[in-house]
Protein chains: 2
Amino acid sequence: MPLLAEIFRELGYEGTTLSQITERTGIGKGSLYHFFPGGKEEMAAAVLEEVDRWFEDFIYEPLRRDEPAVAIAAMWRGVDDYFRSGGRICLVGAFALDGTRERFSEAINGYFRRWVEALAGALVRGGLKQDAARAEAEAAVLGIQGALVLSRALDDHDVFRRAITGMQTRLKATF
Amino acid sequence: MPLLAEIFRELGYEGTTLSQITERTGIGKGSLYHFFPGGKEEMAAAVLEEVDRWFEDFIYEPLRRDEPAVAIAAMWRGVDDYFRSGGRICLVGAFALDGTRERFSEAINGYFRRWVEALAGALVRGGLKQDAARAEAEAAVLGIQGALVLSRALDDHDVFRRAITGMQTRLKATF
DNA sequence: GATGCATTGTACCGATCAGTACAAAAGACG
DNA sequence: CGTCTTTTGTACTGATCGGTACAATGCATC
């Protein structure tokens with residue numbers, strides 16, 4: 001499954017072929033279609049679900065549950081870790097950009113909506129007004145996605161790290 | 001050419017097929033390969049070049065030439081216009097995310113590098129220090145890309161507009 | 001060891017892929 | 001009109017696409 005995720009991340013949904021999957025995972029077509037009768041689409045859906053679960057467990061839920069300052073600090077750390085300082089892209093963000101979006105719109109929407117809501121909730125608990133919290137949360141989530149695009153385009157991890165720490169300190173100053 | 005750009009934007013590089021192109025442009029394969037002997041790759045390169053030229057003419061060059069405050073205001077307006085408030089994605093950003101990146105790395109890198117440099121230059125002329133100007137420029141460019149991802153994922157143009165105006169007022173306050 | 005189910009490799013399918021060949025057509029220019 | 005180049009439609013190529021069929025395995029449980 002992690003291999004599968006990495007393939008989709010590198011090649012995109014359309015760029016990922018069954019032969020690439022069998023080659024890089026060592027799993028034959030027979031097994032692949034045994035576990036994923038729905039084919040490529042089901043595989044991608046499973047990967048999306050796994051990604052979602054990871055963020056739910058390690059980012060969103062702490063944001064809802066823990067002390068805002070602590071959870072938000074953990075979020076920045078977790079994000080930098082997960083995306084390897086820009087060395088790894090966000091599969092959900094990539095899917096959101098091209099024609100793949102229509103196929104998985106619900107999963108994509110949910111991933112981002114819950115992220116923004118959880119972060120905004122933490123900011124409200126941290127003392128921000130509803131509107132301001134939402135705006136700051138959107139800015140943070142969108143900033144992470146943009147940092148992935150830019151750092152990858154410039155092939156420079158420092159861009160990602162700089163952006164992350166910049167947003168972190170800026171956000172911390174708001175509450 | 002604008003049609004071609006729109007197809008690549010919607011479907012991504014890998015998702016765009018020759019038959020889609022012939023169908024949606026009404027141009028047959030014969031003509032297509034007559035003007036682009038290099039096939040799909042050459043078509044995408046031509047589109048990227050056209051996009052680059054547009055930004056060079058209407059965004060980067062004004063940033064280098066005009067009064068900073070004026071050029072930067074024009075940039076935000078131009079960006080909101082060009083991307084139709086998030087209704088249209090950035091082809092270069094999308095290409096930067098998946099395997100297409102390796103194929104066009106130079107064009108992708110140049111597009112973003114020159115954007116950041118031109119904006120940072122304007123900010124320096126506006127009174128910012130070199131480092132601060134670069135950081136702010138990166139934040140703005142990356143914010144635009146992220147806004148495209150998020151607004152598209154949530155299917156909500158307001159997210160894009162809110163993010164753009166937020167960044168605009170924030171940036172204006174720095175110089 | 002026999003039975004039954006889960007798993008896998010392989011051969012195959014029609015469709016479609018990017019790309020080519022080439023002759024017909026359309027224009028340009030005299 | 002005649003000639004020459006540019007442009008276009010169409011038929012075709014081999015390769016690869018996602019997906020299916022199915023027999024051969026592995027592997028429990030009795």
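The values are calculated or read from the model by the stated rules, or taken from the named source; none is laboratory data. Every value quoted in this text rests on a predicted model; they were computed, and no experiment measured them. Glycine gets a Cβ as well: all are built from the backbone with ideal geometry, and neighbour counts include every protein chain shown. Just the protein is used for accessible areas: all its heavy atoms, side chains included, with ligands, DNA and RNA removed. Shrake-Rupley method; radii C 1.70, N 1.55, O 1.52, S 1.80 Å.
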GNM on chain A, Cα springs under 10 Å; top mean-square fluctuation among A:I27, A:I108, A:I164 goes to A:I27
Inter-copy distances for B:T25, nm, shortest first, label points 7 Å along Cα→Cβ, are 3.6
Debye intensity ratio I(q)/I(0), log10, chain A, q values 0.16, 0.18, 0.19 Å⁻¹ (C-alpha model): -0.96, -1.14, -1.23
Please list 3J(HN,Hα) in residue order for region B:158-175, calculated via the Karplus relation 6.51 cos²θ - 1.76 cosθ + 1.60 where θ = phi - 60°; whole Hz, with x for glycine and proline. 4, 4, 5, 4, 4, 5, 4, 5, x, 5, 4, 5, 5, 5, 4, 6, 8, 9
How far is it, in nm, from the label point at A:H34 to the one at B:E61 when both lie 7 Å from their Cα along the line to the Cβ? 6.3
Using a 7 Å offset from Cα along the direction of the beta-carbon, what are the separations from A:G78 to the same position in each other copy, nm, ascending? 4.0
For the full complex of protein chains and a 1.4 angstrom probe, list A:D80, B:D98 by accessible area with the highest value first. A:D80, B:D98
Efficiency of FRET between B:Q130 and B:R88 - r from beta-carbon atoms, R0 35 angstrom, step 0.05: 0.60
Read phi for every residue in region B:7-15 and hand back ³J(HN,Hα) as whole Hz from Karplus 6.51 cos²θ - 1.76 cosθ + 1.60, θ = phi - 60°, with x for Gly and Pro. 5, 4, 5, 6, 9, x, 5, 5, x
Once the label point is placed 7 Å from Cα along Cβ, list for B:R64 the distances to the corresponding points in the other copies, in nm, shortest first. 5.1
Between helix A:105-125 and chain A: long-axis angle, C-alpha atoms, 0 to 90°, nearest 10: 20
Using a basic spin-label model with each label point 7 Å from the Cα along Cα→Cβ, how many nm lie between B:E117 and B:R170? 2.6
Using a simple charge model, +1 on the beta-carbon of Lys and Arg, -1 on the beta-carbon of Asp and Glu, nothing else, what dipole does the protein assembly as shown show about its Cα centre, in debye to the nearest 20? 760
Karplus ³J(HN,Hα) for region B:93-102 (6.51 cos²θ - 1.76 cosθ + 1.60, θ = phi - 60°; Hz, whole; x = Gly/Pro) runs x, 5, 5, 5, 7, 9, x, 4, 3, 4
Among residues of chain A, the one whose beta-carbon sits nearest the axis that rotates A onto B, given with its distance in integer Å, is A:G146, 1
Over all residues in A:109-115, what is the mean tally of Cβ atoms on other chains that come within 10 Å of each residue's Cβ? 3
